[in-house]
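**Student:** Take a look at this one; I'll ask things after.
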Amino acid sequence: MPRLALSDDFVADLISLQRPVQKEVNDAIQMFRSMTVPQLHASKGMHLEKLERARDPRIRTIRITRFYRGVLLAPDDGTELFTLLRVAPHDEAINWACKRAYSVNGATGGLEVRNVEALEQMETYFETKVVSTPTRLFEGHSDTVLRDLGVDDQVLRLARVCVTADDLTVMAPPMMPADQYEVLEYLAADYSPEDVWEQLIAPRGQTVRTAEDRPTPTLTEAILNTPNRIVEVTGPGELERILTEDLTRWRIFLHPAQRRYAYHPGFNGPAQVTGGPGTGKTVVALHRVRHLLRTGREGDRILLTTFTNAMAAALRDSLAFLLGDADAHLLDRVDVTTV
């Protein structure tokens, strides 16, 4: 039977759909998981189709309804793990899929996505802009240093034509792969390559410092190495759980903008994060607590406050879920209470 994983983009699409369409998506997923791979390719109902204009040859689409298509990344490593990337109206799904390419980050080993077409246009534009500019944003870092931090050839070319931090911001995710953008963003903020390694790469389990000495993970390994943006559907109730437990979804998927604040190496004094309802402030706070527990001194204690006893209890439960069994002992160092 084919295995199926869901990306954060797919989950965001799904939650925005009306309930009847969500049910159609759920039915399509259950049908997908009930077939063998040969049956999947032969099914006229699923209509698994390769896109001729796709920049990534592994991109496929499936029929959800008459008007909606699902976008899939098909395995190329001999496994049966497919990843659902988007669900959108037919033309929108096709247009999105044709411009995207997926790759494995050389440092984190995770799966990443880029808008190939947009980045190529950016490269052409900035190459013209920097002809008369003697100073470049990343000129203090060699190609070897950037590659060791997971920057690949296309992103490296773009880094070399950046003159200011604003130039880099124009290429922010979802245009540029999120992990590589975060590396460049830290370097642009004058963090050393060693700091970037310790904050962004080492926590993902990478121990080999040089790019040339690291083996390249398979596509399936890369998918499983990206739990902050991809989750595998392990049972028939998994999709319903993701749809009904919104906070749990954000425990699984952390947007790059949220991650920058939650896992910032250190602020100079107090820091304030603001945003409207539903923007993920509470989730950032929970992840920040986990980061401080993991990186702080052993005896340090953390105070997490809220406004009601019920919310305090919910935050403590959420933090325990986020820490998991491996870090459950760290919860003893946190006081969760009302103001």
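The values are calculated or read from the model by the stated rules, or taken from the named source; none is laboratory data. From a predicted model like this one, the values you see are computed outputs, not experimental measurements. Virtual Cβ from ideal backbone geometry, glycine too; neighbours counted across all protein chains shown. Only protein heavy atoms, including side chains, enter the accessible area calculation; ligands, DNA and RNA are left aside. Shrake-Rupley method; radii C 1.70, N 1.55, O 1.52, S 1.80 Å.
**Student:** For the stretch 254-338, just say rounded, prolate or oblate: build the C-alpha gyration tensor, square-root its eigenvalues into a ≥ b ≥ c, call rounded for a/c under 1.5, and beyond that prolate if a/b exceeds b/c, oblate if not.
**Tutor:** It comes out rounded by the Cα gyration axes.
**Student:** Using only the alpha-carbon atoms, what does the chain span along each of its principal axes? Please give whole angstrom values in decreasing order.
**Tutor:** Extents along the principal axes, in whole Å: 61, 59, 38.
**Student:** Compute the accessible area per residue over the chain, keeping the other protein chains in place, probe 1.4 Å, unit Å².
**Tutor:** Computed with neighbouring chains in place, this is 50 Å² per residue.
**Student:** Now for a different question. Counting Lys and Arg as +1 and Asp and Glu as -1, each charge on the Cβ, what is the dipole of the chain about the Cα centre in debye, to the nearest 20?
**Tutor:** The dipole magnitude comes to about 900 debye.
**Student:** Which whole number of Å³ per residue matches the convex hull of the alpha-carbon atoms in the stretch 22-101?
**Tutor:** Hull volume over Cα atoms, normalised by residue count, gives 87 Å³.
**Student:** Could you look at the chain and say what percent of its accessible area is carbon and sulfur, using a 1.4 Å probe and all protein chains?
**Tutor:** Of the solvent-accessible surface of the chain, carbon and sulfur hold 53 percent.
**Student:** Largest first and in whole Å, give the semi-axes of the stretch 114-213's equivalent ellipsoid, each being the square root of 5 times a Cα gyration tensor eigenvalue.
**Tutor:** Gyration-tensor ellipsoid for the stretch 114-213: 23, 15, 12 Å.
**Student:** What are the ³J(HN,Hα) values, in whole Hz, obtained from phi via the Karplus relation 6.51 cos²θ - 1.76 cosθ + 1.60 with θ = phi - 60°, for each residue of the stretch 12-23 in sequence order, with x given for Gly and Pro?
**Tutor:** Once θ is set to phi - 60°, the couplings for the stretch 12-23 become 4, 4, 4, 5, 7, 7, 5, 4, x, 6, 4, 5 Hz.
**Student:** Now for a different question. So which of K50/K129; K23/K99; K50/K281 end up more than 32 Å apart by C-alpha?
**Tutor:** K50/K129; K50/K281
**Student:** Restricting to Cα pairs below 8 Å that are 6+ residues apart, what does the relative contact order work out to for the chain? Please round to a whole percent.
**Tutor:** Reported relative contact order: 14 percent.
**Student:** Suppose a student asked you for the relative contact order of the stretch 114-213, using Cα pairs under 8 Å spaced at least 6 residues apart; what percent would you report?
**Tutor:** Answer for the stretch 114-213 is 35 percent.
**Student:** Same structure, new question: So, counting K/R as plus one and D/E as minus one, what does the shell of residues with Cβ under 12 Å around V289 add up to?
**Tutor:** Net charge around V289: +3.
**Student:** Please return the longest range in the chain lying between exposed loop sites, taking GluC sites (Glu not before Pro), DSSP loop only, at most 13 other beta-carbon atoms within 10 Å, and leaving the sites out.
**Tutor:** 140-244
**Student:** Restricting to DSSP loop positions (anything but H, G, I, E, B) with no more than 13 other Cβ atoms inside 10 Å of their own Cβ, which trypsin sites (Lys or Arg not before Pro) remain in the stretch 1-50?
**Tutor:** K44
**Student:** Right, here's the next one. Between Y125 and D91, take the C-beta separation as r, use R0 = 22 Å, and let me know the FRET efficiency to the nearest 0.05.
**Tutor:** Working from the Cβ atoms, E equals 0.25.
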